[in-house]
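Scroll down for the structure; my scribbles are underneath it.
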Amino acid sequence: MRYLKYVLLLFVSIGLMGCGDSSSSSGDGGAPASYVPPGEKDDYYLFYSGGHSGQVFVAGLPSLREIQTVPVFTPSPGHGYGFDKKSKEMMGDYKWGDVHHPGLSKTDGTYDGRWLFVNDNANNRVARISLRDFKTKQILGPIPNSMGNHGSSFVTPNTEYLLVATRFSVPLPKGRHAPIETYEENFNGIVSGLKVDQETGEMSVGWQVKTPPFNWDLGSTGKGPSDGWAFWTSYNTEMAHDSLEINASQRDRDYAAFVNWERAAEVVANQDIDTQNGVPLIDPAEHEGVMYFVPVSKSPHGIDASPSGRWIVASGKLQPTTTVFDFEQFTTAVENENFQGEFRGVPVVNYDAVVEGEVPVGQGPLHTQYDGEGNAYTSLFIESAVAKWSLPPWDDETKQDMTQAVKDKIGVQYNIGHLLIPGSDTKEPYGEWLVAMNKLKKDRGLSVGPEMPETSQLIDISGEEMSMIEEDYTPPEPHFAQAVPADVIDPIEVYQKENNDHPEARWDTKNTGVTRSGDQVTVHMIAKRSQYYPDKIEVQQGDEVTFHLTNIEQVSDMIHGLGIAEHNMNAIVSPGETKTFTIEADRSGVYPFYCTNFCSALHQEMQGYLEVVPQ
C-alpha cells in the first residue's frame, strides 16, 4: 500500500510539473520561482513586526524561510536577551511590547542598510536595531505625553527623524487625571518628531505637535515634491470615548493630517515654545503651516506616499474605494487658502481641490504599496484579496470610469491586513514580489489547536497579472514588514577583539578569576571551546555575584552560553563579545553551570560548578 502511494505521488508530481503556470515557475524542472536551493541565499532580507510577541522576525525573500528572531521588547532566553545587564536596562520595567511597524533607515530616499526602527504600541516606545549585528541597541521611551505609539515608525528620507503618532488620547500633561466623560474637552493626541543622530543612530525626542483627540493610524513620509512632509490618517474624528465600533463611525469622512515636519523643527528652533514634560509642544493653531487636515474616506487605516512623492493614497475601510490626493494640488490649495473650514484652529483643505480620483478597488481597503512601475496594490480585508491598479495620470476615459484603473485582483487566504513590496516607501521600489500578510489561517496547513499562526503568501507581480507562488506561516502577529536587497546590508559575524570596548573584558586565562568586596563578588570569566575559565566559583550564601563573561572565539558561528541551574540565568555571548549579568546566591548548595549553545564535539563537557557555602 505504501509503495502504491509513492507511485501515485510520483505521477501527480510529474503531471504538476508539466502544467505549471509559467509565471510561477522558474522553468527549471518545475521548481517554483521562489525556490532557493540548499546552500543558496535569498535576494532580500524580510523584517516582520512581531506584534505582541515584542520581537522582530527575520526571513528571506523569496523563500519566506525564517532566519532569525531579533529580541526587542521581550526577554528571549535563546538569545540571553533580558538576562544580561545591558538588555535588562534597555527594557526597563516592561517585559513585553507590541511591535507594529518596522522602518528601515534611509539616505537620499533609499534604504541604506544601517538601522531598523520599530515601535511599541503598548508602552509608547521606539527601538533601534543595528543591521551590522541584528541586535537591539536602544529603546527610547515611554515617550512623554504620548499614549499608544501606533502611528509609527516612519523614517524621513535621510533619517533625520522618526515621525510617530498616538493611537490613544489622554489628558496633558501625561499623568493628569480627567474623567473619560470629558474626553472631547480634556484629551489630546500627539505627533512626535524623534531626532536621530546621523552617526550613531541615537534617538531623542525633538518636538511634539498637539492634536485633537483623534485616533491616529498609519502614516507615511513624503519624498520629491512632498519631502519635508508626513501624513497620517485618523479615525474617531467623532471624538467618541465608548463603544467605538458604533460611535467612531458616524461621520461620512474622517481626517488625514498633513504635517510639515521641517516647519515644526523650524518653529522649535526659532521660537520660544512651551514645554510639557520637558518636550517642546507645538499648538498647530498658533503656528501657521505646521499641520493641515484633509477629509478622507470613513474609518481609514493608513496613508501611503507614492515613489514620486506626488500621489498620496488613503483608504477608508468602510468604503469600497481608495482615494488619490495630488500633493501639487494640495500645495496650491494651501497657497490660495482654499479651505472648507477649520477644526480647532487647524485649516481643513477643500476635499475637491486636492483629490485626483477615487479608485473602486473593492471591499475593506486598508493599505497600499507600489512597484515603481506606475502600479499600486491595495489590501482588501473584507474581500480577502489584493487589487492592482494604475496610478495617475489617467486618460479621460479612465477618469470617466474609474473601474478601468483596476488592472487585476487576486484572492488571498484569509482577511489580509498589511502587504509588502520591497522598497515601496522609497524613491525606487523593487517590484518583483508582494507579500500578503493575512490575519486568519483558518483551514490552511496543519492544525495546531485553537491558537493558530498567521499566513504570509508570496505573490509574483513581475507580469501583467499577479500570480500566487507560495505561502508560509508566522507566529502571531506580524502587522507590517519591510524588505531590503541583501547586498544593501553588510552584517558582521564576529566582534573583533580590537573592537571590544567592554571595560571588564578578559582575553587571557591568567586574567580571569573571582574577587570579593564585602558581599559583592565579581567573576571575570572566559568561554572558549570547550571550557570556562574559571570553572569553579565559590561564594558565600547571601552574596551578590556579578559575572563578566567574554567569548574569546574569533570564528564565525562559535557562540557560547552560560546557564546556571536553578538561578533563572542564561547568558549568550557571540564570538568576541562580553556580557555582564548578576545573580543572587541566596541558597546554599552546589549548582552546575554549562554551555547552552552547541559549540563543539565536547560541548557536553563544557561545564563548571557554583559552590554556595552556607552562612
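Out of Ser249, Ser234, Ser308, which single residue is farther than 19 Å from Pro392 by Cβ and outside any strand (DSSP E or B)?
Working: Ser234 fails: outside any strand (DSSP E or B); Ser308 fails: farther than 19 Å from Pro392 by Cβ.
That would be Ser249, the only listed residue that is farther than 19 Å from Pro392 by Cβ and outside any strand (DSSP E or B).
Looking only at residues in the range 193-228 that are touching a Phe, Trp or Tyr at 6+ places or on another chain (Cβ under 6 Å), part of a loop (DSSP other than H, G, I, E, B) and in contact (Cβ under 8 Å) with a residue 60 or more places away in the chain, the one that is surrounded by the most Cβ atoms within 10 Å (Cβ to Cβ) is Gly222. Remark: Glu337 falls outside the filter, which requires a residue to be surrounded by fewer than 17 Cβ atoms within 10 Å (Cβ to Cβ), assigned to a loop (DSSP other than H, G, I, E, B) and in contact (Cβ under 8 Å) with a residue 40 or more places away in the chain.
Each residue in the range 407-455 was checked for being of a type in the set (Lys, Arg), modelled with pLDDT of 95 or more and within 30 Å of Lys106 (Cα to Cα), and 1 of them qualify. Note on the range 387-436: residues that are within 26 Å of Tyr48 (Cα to Cα) and of a type in the set (S, T, N, Q) amount to 4.
When Glu286 is tested against the conditions (1) open to solvent by 10 Å² or more (accessible area, probe 1.4 Å); (2) out of contact with any Asp or Glu (no Cβ under 8 Å at 6 or more places or on another chain); (3) over 30 Å from Glu181 (Cβ atoms); (4) in contact (Cβ under 8 Å) with a residue 40 or more places away in the chain, the lone failure is (3). Can you tell me which residue is nearest to Glu493 (Cα to Cα) among those in the range 547-571 that are out of contact with any Leu (no Cβ under 8 Å at 6 or more places or on another chain) and of a type in the set (Val, Ile, Thr)? Top of the filtered list is Val555.
Mind checking which strands (runs of 3 or more DSSP E) fall wholly inside the range 474-551 and carry at least 1 residues that are modelled with pLDDT under 95 and either aromatic (Phe, Trp, Tyr) or buried (at least 16 other Cβ atoms within 10 Å of the Cβ) (or both)?
On the way: elements: 481-485, 513-517, 520-528, 531-533, 536-540, 543-551.
Those strands (runs of 3 or more DSSP E) do not exist here; none qualify.
When you check Gln615 against the structure, is it modelled with pLDDT under 95 and part of a loop (DSSP other than H, G, I, E, B), yes or no? Yes; evaluated as a whole, the condition is true for this residue.
Selection of first residues in the range 302-325 that are over 11 Å from Gly224 (Cα atoms) and of second residues that are open to solvent by 10 Å² or more (accessible area, probe 1.4 Å) and basic (Lys, Arg), restricted to Cβ pairs under 7 Å at least 6 apart or on distinct chains, gives the following pairs, ordered by first then second residue: Gly316/Lys298; Leu318/Lys298; Gln319/Lys298. Among the residues making up the range 560-597, those that are open to solvent by 10 Å² or more (accessible area, probe 1.4 Å), small (Gly, Ala, Ser) and outside any strand (DSSP E or B) are Ala565, Ser574, Ser588. For the range 131-166, filtering for residues that are closer than 15 Å to Gln208 by Cβ, open to solvent by 10 Å² or more (accessible area, probe 1.4 Å) and in a loop (DSSP other than H, G, I, E, B) leaves 3. Note on the range 229-250: residues that are open to solvent by 70 Å² or more (accessible area, probe 1.4 Å) and either among the hydroxyl-bearing types (Ser, Thr, Tyr) or closer than 20 Å to Val354 by Cα (or both) total 1. Among residues of the range 415-442 that are on the phi > 0 side of the Ramachandran plot, those with a Cβ under 8 angstrom from a residue that is of a type in the set (D, E, K, R) and in a loop (DSSP other than H, G, I, E, B), sequence gap 6+ or separate chain, pair up as Asn415/Lys439. In the range 252-265, the condition of being modelled with pLDDT of 95 or more, surrounded by fewer than 21 Cβ atoms within 10 Å (Cβ to Cβ) and of a type in the set (A, V, I, L, M, F, W, C) is met by at least one residue.
Of everything in the range 289-299, what is under 24 Å from Gln404 (Cβ atoms) and either without any contact (Cβ under 8 Å) to a residue 24 or more places away in the chain or buried (at least 24 other Cβ atoms within 10 Å of the Cβ) (or both)? Give them in sequence order. Please lay out each step first, then the result.
At the first step, the residues of the range 289-299 found to be under 24 Å from Gln404 (Cβ atoms) are 296-297.
Once the filter is applied, which keeps residues that are under 24 Å from Gln404 (Cβ atoms) and either without any contact (Cβ under 8 Å) to a residue 24 or more places away in the chain or buried (at least 24 other Cβ atoms within 10 Å of the Cβ) (or both), the range 289-299 yields only Val296.
Working carefully through the options Ile190, Ile139, Ile180, find the one that is in contact (Cβ under 8 Å) with a residue 12 or more places away in the chain, farther than 30 Å from Asp252 by Cβ and β-branched (Val, Ile, Thr).
Working: Ile190 fails: farther than 30 Å from Asp252 by Cβ; Ile180 fails: farther than 30 Å from Asp252 by Cβ.
Just a single option satisfies the conditions, and that option is Ile139.
Would you confirm, using the coordinates I've provided, whether Ala33 is among the hydrophobic types (A, V, I, L, M, F, W, C) and in contact with a helix residue (DSSP H, G or I) (Cβ under 7 Å, 6 or more places away or on another chain)? Yes: the conditions hold for Ala33. For the range 62-95, the set of residues classified as open to solvent by 30 Å² or more (accessible area, probe 1.4 Å), farther than 26 Å from Leu549 by Cα and part of a loop (DSSP other than H, G, I, E, B) consists of Arg65 only.
Only one of the listed residues (Thr69, Thr107, Thr74) is more than 17 Å from the chain's Cα centre (by Cα) and polar (S, T, N, Q). That residue is Thr107.
The values are calculated or read from the model by the stated rules, or taken from the named source; none is laboratory data. Not measured: the values here are computed from a predicted model. With ideal geometry, Cβ positions are generated from the backbone for all residues, glycine too; neighbour counts draw on all protein chains shown. Protein only, heavy atoms only, side chains kept; ligands, DNA and RNA dropped before computing areas. Shrake-Rupley method; radii C 1.70, N 1.55, O 1.52, S 1.80 Å.
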